[in-house]
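The values are calculated or read from the model by the stated rules, or taken from the named source; none is laboratory data. Computed from a prediction, not measured in an experiment: that's the story for all the values here. Here the Cβ is made from the backbone with ideal geometry for all residues, glycine too, and neighbour counts use every protein chain on show. The accessibility values were calculated without ligands, DNA or RNA, using every heavy atom of the protein model including side chains. Shrake-Rupley method; radii C 1.70, N 1.55, O 1.52, S 1.80 Å.
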Amino acid sequence: MKTFSGSVLFLDRSDINTDEIIPAKYLTEITKEALKPFLLEDLFLDGFSTSDLLNKAIIVTRENFGCGSSREHAPWALEVNEINVVVAESFARIFRQNMYNCGMFAIELPKETIDYLFRNYANKKVTISINVDNSAILIESDQASEKIAFKIGEFDKTLVKEGGWVGYADKNY
Amino acid sequence: MGKTIAEKIFDAHRVDEPFPDAHVLRLDRVFCHEITTPIAITDLIERGMDRVFDPTKIKAVIDHVTPAKDSKTAEQEKILRDWSRRHGIKDFFDVGRNGVCHAIFPEKGFVRPGFTIIMGDSHTCTHGAFGAFAAGTGTTDLEVGILKGVCAFHFPKTIKMIITGELKPGVYAKDLILFIIKELTVNGATNMVIEFTGPVVDAMSMESRMTLCNMAIEAGGTCGICYPDMTTVDYLWDHIKDEFSSKEDALSEYSKWVSDFDAEYEQIYEFDISDLEPMVTFGYKPDQVKTVAEMHGTKVDQIYIGSCTNGRIEDLRIAASILKDKKISVAVRAIVSPASPDVYGKALKEGIIEIFHEAGFCVTNPTCGACLGMSNGVLADGEVCAATTNRNFNGRMGKGGTVHLMSPATAAATAIAGTITNSNLFKASIGEKK
């Protein structure tokens with residue numbers, strides 16, 4: 001299994017698409033590692049700079065994250081930057097599946113919970129860790145620490161534990 | 001309770017249901033292109049599993065950047081080419097014989113009603129126009145598809161669109177799908193199949209149905225689906241005539257791939273589109289849609305006619321009918337990319353290429369290039385493109401560029417005027433083809 005804990009980057013926008021996560025001009029790369037410097041290069045968000053990504057391990061964002069192109073380069077660009085978890089109100093289907101297929105987390109939380117996280121933590125130094133077995137997020141700042149449960153299907157949980165879909169499919173089909 | 005077409009296709013292909021949220025389906029087709037396939041191939045090699053489940057069910061094409069523009073794209077193409085040869089994948093379309101995947105694969109007869117299809121390309125939803133379940137996937141799903149011939153999906157909840165009325169002259173499938181995306185929003189169909197039904201869809205050509213299904217993903221949809229009918233059979237006939245004694249026979253076989261009258265839907269929409277106007281996007285999301293009239297006069301720098309949405313022969317015919325004997329504005333440049341060699345060939349024979357050439361268009365080889373800002377028409381910072389493509393994301397056609405999505409008719413009129421313009425200003429009766 002990958003590591004699912006660390007500092008949080010809040011991206012306060014809905015519909016962040018895969019062209020923003022990794023622009024198409026970098027799809028000519030044939031290794032995942034080559035994508036590393038270009039993550040979120042074209043993100044359309046006031047005040048955001050790619051230097052904000054430094055030492056971050058978790059992204060918290062709004063609705064429909066990862067819409068658009070099917071490129072798995074988007075999860076890979078996250079993965080090579082050691083970001084293995086995105087927490088959002090909702091995801092585009094292909095991006096979400098790609099995350100679990102890579103053994104990474106795309107965690108959906110209700111709008112009220114996402115609003116609450118932004119309101120209480122967006123401007124603070126925060127870390128999150130995911131407990132895979134209990135399906136819970138532990139969020140910690142200087143002042144507080146709390147647990148938030150999330151829903152995850154058995155299939156998605158299995159993919160995270162097995163490290164992705166290729167290994168599972170090879171064993172079972 | 002009856003079943004939807006997608007549920008029937010799932011039932012006919014399900015090989016496993018290991019968890020309630022995973023339906024593992026047997027695949028009839030795995031389509032591959034040179035951008036998302038090479039990493040799957042190199043990963044399979046690294047794992048010591050350089051095999052394919054069935055070389056006759058895998059189809060491959062070089063389409064995103066073609067001919068190769070640099071060493072990196074040449075390497076991607078080489079990986080796909082060598083792999084196709086190594087595994088006896090006969091349907092590999094190399095430079096010169098290649099076209100945009102979602103145009104060339106249906107033309108070759110590879111898509112049939114009732115099929116399951118995946119590809120590492122989000123616009124794979126296009127092939128649902130034939131009554132197939134076709135979904136875009138990432139490279140890992142593609143890799144497993146290549147290796148095992150299976151893919152896992154969630155249960156296919158379905159939205160039904162009933163489209164009634166009659167499209168006005170100058171209004172096309174592209175205008176209709178932009179209107180539908182505006183209604184659904186960019187995630188209104190996430191995790192769902194969109195069925196396009198009703199007399200307007202029944203009267204549409206396969207090309208127009210592909211335009212509709214192609215953009216299902218822009219509302220978040222897994223797949224767009226149209227029911228197979230005689231139009232589907234006619235389109236496929238050259239490829240299926242040895243399998244059936246008559247077209248009626250083929251139709252009766254394919255007719256099992258329609259939804260039952262009492263099927264359960266997540267949502268049903270009914271639109272009378274008789275008053276629908278030509279539509280165009282603004283902003284950076286495909287659900288930001290206005291009428292062309294509202295956007296009239298918006299300055300553009302480049303016109304692009306092509307892509308898996310609107311680069312087929314019907315699209316080129318419509319654009320040419322407006323461009324005939326006219327020149328494009330000196331304020332703009334314009335590019336047309338016929339979506340496949342077959343489209344290119346027909347356009348040559350019909351004098352359409354000459355019309356584009358005389359009007360001042362740059363005619364390129366079939367490729368996806370400009371649509372996603374990879375080659376053949378990339379925008380500079382601050383430039384604006386009127387495009388018949390499918391995504392107006394910020395930077396999609398080049399960093400800092402803006403894209404307005406529209407029909408080929410509107411794009412042709414915009415090329416002449418130099419600003420966003422309704423095609424009816426140049427031609428009074430262009431409604432023969434829907």
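If you go through segment B:203-220 one residue at a time, how many are assigned to a helix (DSSP H, G or I) and either open to solvent by 10 Å² or more (accessible area, probe 1.4 Å) or within 17 Å of B:Asp315 (Cβ to Cβ) (or both)?
Qualifying residue count for the region: 11.
Applying the set (1) among the charged types (D, E, K, R); (2) within 8 Å of another protein chain (Cβ to nearest Cβ); (3) exposed (fewer than 14 other Cβ atoms within 10 Å of the Cβ) to A:Glu72 leaves exactly one unmet item: (3). Only one entry in B:Ala334, B:Ala347, B:Ala359, B:Ala293 is open to solvent by less than 10 Å² (accessible area, probe 1.4 Å) and within 20 Å of B:Leu405 (Cβ to Cβ), namely B:Ala334.
Within this structure, B:Gly306 fails the test of being under 25 Å from B:Gly114 (Cβ atoms), open to solvent by less than 10 Å² (accessible area, probe 1.4 Å) and in contact (Cβ under 8 Å) with a residue 12 or more places away in the chain. Scanning segment A:139-173 for residues that are in contact with a Phe, Trp or Tyr (Cβ under 8 Å, 6 or more places away or on another chain) and away from every other protein chain (no Cβ under 14 Å), we see that the one that is most open to solvent (accessible area, probe 1.4 Å) is A:Ser141. Scanning segment A:96-112 for residues that are within 22 Å of B:Val193 (Cβ to Cβ) and either open to solvent by 10 Å² or more (accessible area, probe 1.4 Å) or at the interface with another protein chain (Cβ under 8 Å from one of its Cβ atoms) (or both) gives A:Arg96, A:Gln97, A:Asn98, A:Asn101, A:Glu108. Pairs are defined by a Cβ separation below 6 Å, a sequence spacing of at least 6 or placement on different chains, a first member in segment B:338-360 that is in the same structural domain as B:Ile305 (by TED's automatic domain parsing) and closer than 21 Å to B:Lys327 by Cα, and a second member that is open to solvent by 20 Å² or more (accessible area, probe 1.4 Å) and aromatic (Phe, Trp, Tyr); the pairs so defined are B:Pro338/B:Tyr344. Of the residues examined, A:Glu41 is one that is acidic (Asp, Glu), within 13 Å of chain B (Cβ to nearest Cβ) and open to solvent by 30 Å² or more (accessible area, probe 1.4 Å).
Within segment A:70-86, residues that are among the aromatic types (Phe, Trp, Tyr) have Cβ atoms under 6 Å from residues that are part of a helix (DSSP H, G or I) and surrounded by fewer than 24 Cβ atoms within 10 Å (Cβ to Cβ) in these pairs: A:Trp76/A:Leu35, counting only partners at least 6 apart in sequence or on another chain.
For every residue, the table says whether it meets (1) in a loop (DSSP other than H, G, I, E, B); (2) surrounded by fewer than 22 Cβ atoms within 10 Å (Cβ to Cβ); (3) more than 14 Å from chain A (Cβ to nearest Cβ).
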| position | (1), (2), (3) |
| --- | --- |
| B:Phe10 | no, yes, yes |
| B:Val30 | no, no, no |
| B:Gly48 | yes, yes, no |
| B:Asp54 | yes, yes, no |
| B:Ala60 | no, no, yes |
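Evaluation of A:Thr3 against the conditions (1) open to solvent by less than 60 Å² (accessible area, probe 1.4 Å); (2) away from chain B (no Cβ under 14 Å); (3) in a loop (DSSP other than H, G, I, E, B); (4) farther than 27 Å from B:Pro38 by Cβ shows that the sole unmet condition is (1).
For segment B:386-404, which positions are in a strand (DSSP E or B) and open to solvent by 10 Å² or more (accessible area, probe 1.4 Å)? So that I can check it myself, show each step before the final result.
The first filter runs over segment B:386-404 and keeps only residues in a strand (DSSP E or B), leaving B:386-387, B:402-404.
Answer for segment B:386-404, where residues must be in a strand (DSSP E or B) and open to solvent by 10 Å² or more (accessible area, probe 1.4 Å): B:Thr402, B:His404.
Being over 15 Å from the mean Cα position of the chain (by Cα) and over 28 Å from B:Met119 (Cα atoms), is that true of even one residue in segment A:65-73? For segment A:65-73, residues over 15 Å from the mean Cα position of the chain (by Cα) and over 28 Å from B:Met119 (Cα atoms): absent.
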